[in-house]
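Peer 1: Have a look at the structure that comes next, please.
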Amino acid sequence: MKLDVKSRIAKRMQAVRGEAAFEMLGRATELERQGRSIIHLEIGEPDFDTPQPVVEAGVEYLKKGATHYSPVPGIWELRASLAGYLNSRHGVNVNPRNVLVTPGAKMMIFSIIQSVVDPGDEVICPDPGYPAYEAGIRMAGATAVPVKLEESKDFRFDLDELARRITPRTKMIAINSPQNPTGGVLTLTDLKKIAELARHHDLLILSDEIYSDIYYAERPASILDVPNILDRVFVVNGFSKSYAMTGWRLGYGIVPEETRPAIELFINNTVSSTATFTQLAAIKAFTPESQKIAANMVQEFQRRRDVFVNGLNSIPGIHCLKPLGAFYLFPNITRTTLRSEQFADRLLNEAGVATLAGTAFGKYGEGYVRLSFANSLSNIESALERIRAFVSHL
Ligand SMILES: Cc1ncc(COP(=O)(O)O)c(C=O)c1O
């Protein structure tokens, strides 16, 4: 009898979707291989190089033999640097013991969810939102409960709607500010209300702040700015976006003391630990020189954002809010009459612009597409021309 291997795939994997950006990148690259010109606006990573002080330190540490296992929770010097940085930025008192390092922020998100979420639990997530929350929640046998982010509310939570979604099974609220894919930013008042709800209903909060350094108005509030909440909050952050270090795979979390052993156990049993030389090199991200390089990157993002948003808003049928953070635009395309997926598919095939359908981020992403402006101004200008021509022929 022929073995039906497909039927052996675990049920929890059948319920999981991956990040559409990687799938779209594959399709776009295949078209390029066939000789087509493609502008890549699908992938979420800075197009800049990692700051030189970090690169040089990485090379040096490799030469010096920093090539062995690191301790499970990460290297103490990096954890102490991170705690020091966050404590001075937010006036808090995070103990380096509660800073855990993983290969990428995504692994931190996954480690937290697998360590605290049980089958049958519910976790409230923003929709549209970063898909790794839902994937991790499903793999834990739990249910992701979407709360719609409305364009009319600048893609912030409707807090009444959030409160209505809380049930006796709710274990955690996942928030992400500045947000992927909308660029929306939660205010300190929003965060305080979310914290109040969490206290009132005895819930945990996962606050993904990976875009905390990429903002275009005043610095976005962090959950760390809310007094007396750290006992129930998991903060996720990393080096991928702030320091253009996506390929280094370096993320971290701040976790409540009581949960730390469980999360360390999860890391111990999955990745064991994070590469040693990358952690040592990352400490150099906090030097004034690296900080200046990172700030210049954000200034350049802002110039591109402004050109891109103004250009899109001059195309009939497209309406785009100006995001306050991250490096994505999330224009409303409903007036083109195309559905999100059709729009993204046809824009790729007919105009050579790779974007993501809003629905890659949840059902409430219908009517939108996500465009990354982590790309050169000249590519953004060409993309605008292509999008204008594409929409005018619909
Ligand atoms: C909201 C959000 N969180 C986490 C991540 C993952 O970051 P990392 O590359 O550190 O795994 C991303 C990457 O796109 C993201 O957009």
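Peer 1: Are any residues in the stretch 283-317 farther than 30 Å from residue 330 by Cβ and in a helix (DSSP H, G or I), and if so, which ones?
Peer 2: Of the residues in the stretch 283-317, the ones farther than 30 Å from residue 330 by Cβ are 283-284, 286-289.
Passing the criteria: 283, 284, 286, 288, 289.
Peer 1: If you don't mind, there's one more thing I want to ask. Pick out the one residue from 117, 123, 185 that is among the aliphatic types (A, V, I, L, M) and more than 23 Å from residue 271 (Cβ to Cβ). Break it down into steps so the answer makes sense when it comes.
Peer 2: Details: 117 fails: more than 23 Å from residue 271 (Cβ to Cβ); 123 fails: more than 23 Å from residue 271 (Cβ to Cβ).
185 is the lone residue from the list that is among the aliphatic types (A, V, I, L, M) and more than 23 Å from residue 271 (Cβ to Cβ).
Peer 1: While we're here: Kindly indicate whether residue 168 is within 16 Å of the ligand (Cβ to nearest atom) and either in contact (Cβ under 8 Å) with a residue 60 or more places away in the chain or more than 30 Å from residue 374 (Cα to Cα) (or both). Break it down stepwise before answering.
Peer 2: Numbers: within 16 Å of the ligand (Cβ to nearest atom): no; either in contact (Cβ under 8 Å) with a residue 60 or more places away in the chain or more than 30 Å from residue 374 (Cα to Cα) (or both): yes.
No; evaluated as a whole, the condition is false for this residue.
Peer 1: Starting from the stretch 41-70, take each residue that is over 21 Å from residue 327 (Cβ atoms) and list its partners that are among the acidic types (Asp, Glu) and surrounded by fewer than 18 Cβ atoms within 10 Å (Cβ to Cβ), counting only C-beta distances under 6 angstrom and pairs at least six apart or across chains.
Peer 2: 53/289
Peer 1: Looking only at the stretch 213-243, filter to residues that are within 11 Å of the ligand (Cβ to nearest atom) and under 12 Å from residue 109 (Cα atoms); which one of those is surrounded by the most Cβ atoms within 10 Å (Cβ to Cβ)?
Peer 2: Let us first name the residues in the stretch 213-243 that are within 11 Å of the ligand (Cβ to nearest atom), namely 214, 236-243.
Remaining after also requiring under 12 Å from residue 109 (Cα atoms): 236-238.
Numbers: 236: 24, 237: 24, 238: 28.
Checked the stretch 213-243; the qualifying residue surrounded by the most Cβ atoms within 10 Å (Cβ to Cβ) is 238.
Peer 1: Right, another one. Among the numbered criteria (1) more than 10 Å from the ligand (Cβ to nearest atom); (2) hydroxyl-bearing (Ser, Thr, Tyr); (3) surrounded by fewer than 22 Cβ atoms within 10 Å (Cβ to Cβ), which single criterion is violated by residue 246?
Peer 2: If we test residue 246 against (1) more than 10 Å from the ligand (Cβ to nearest atom); (2) hydroxyl-bearing (Ser, Thr, Tyr); (3) surrounded by fewer than 22 Cβ atoms within 10 Å (Cβ to Cβ), just (1) comes out false.
Peer 1: Can you tell me which residue within the stretch 194-232, out of those that are free of Cβ contacts under 8 Å to residues at least 24 places away in the same chain and within 22 Å of the chain's Cα centre (by Cα), is farthest from residue 94 (Cα to Cα)?
Peer 2: 218
Peer 1: Considering the stretch 19-37 alone, what residues qualify as being buried (at least 18 other Cβ atoms within 10 Å of the Cβ) and in a loop (DSSP other than H, G, I, E, B)?
Peer 2: As a first pass, look at the stretch 19-37 and keep what is buried (at least 18 other Cβ atoms within 10 Å of the Cβ): 19-21, 24, 28.
Residue satisfying the conditions is 19 alone.
Peer 1: Something else now. Are any residues in the stretch 169-203 β-branched (Val, Ile, Thr), crowded, with 24+ Cβ neighbours inside 10 Å and either out of contact with any Leu (no Cβ under 8 Å at 6 or more places or on another chain) or part of a strand (DSSP E or B) (or both), and if so, which ones?
Peer 2: If the condition is that a residue be β-branched (Val, Ile, Thr), crowded, with 24+ Cβ neighbours inside 10 Å and either out of contact with any Leu (no Cβ under 8 Å at 6 or more places or on another chain) or part of a strand (DSSP E or B) (or both), then 173, 175 are the ones that fit.
Peer 1: With respect to residue 236, is the statement that it is touching a helix residue (DSSP H, G or I) at 6+ places or on another chain (Cβ under 7 Å) and closer than 17 Å to residue 81 by Cα true?
Peer 2: Working: touching a helix residue (DSSP H, G or I) at 6+ places or on another chain (Cβ under 7 Å): yes; closer than 17 Å to residue 81 by Cα: yes.
So residue 236 passes the test.
Peer 1: Of all residues in the stretch 171-185, how many are more than 16 Å from residue 328 (Cα to Cα) and within 16 Å of the ligand (Cβ to nearest atom)? Reasoning before the result, please.
Peer 2: Pass one, the stretch 171-185, residues more than 16 Å from residue 328 (Cα to Cα): 171-175.
The next check asks that each one be within 16 Å of the ligand (Cβ to nearest atom); those that pass are 172-175.
Matching residues across the stretch 171-185 total 4.
Peer 1: Among the residues that make up the stretch 204-212, is at least one of them surrounded by fewer than 17 Cβ atoms within 10 Å (Cβ to Cβ), modelled with pLDDT of 95 or more and either in a loop (DSSP other than H, G, I, E, B) or within 16 Å of the ligand (Cβ to nearest atom) (or both)? Break it down stepwise before answering.
Peer 2: Residues of the stretch 204-212 that are surrounded by fewer than 17 Cβ atoms within 10 Å (Cβ to Cβ), as a first pass: none.
No, the stretch 204-212 has no match at all.
Peer 1: May I ask you to list the residues in the stretch 194-222 that are touching a Phe, Trp or Tyr at 6+ places or on another chain (Cβ under 9 Å) and not hydrophobic (A, V, I, L, M, F, W, C)?
Peer 2: Within the stretch 194-222, the first condition is being touching a Phe, Trp or Tyr at 6+ places or on another chain (Cβ under 9 Å), and the residues that meet it are 194, 204-208, 210-211, 213-214, 216, 220.
The answer is 207, 208, 211, 213, 216, 220.
The values are calculated or read from the model by the stated rules, or taken from the named source; none is laboratory data. Values in this document were obtained by computation on a predicted structure and should not be read as measured data. As a convention, Cβ positions derive from the backbone with ideal geometry for all residues, glycine included, and neighbour counts pool all protein chains shown.
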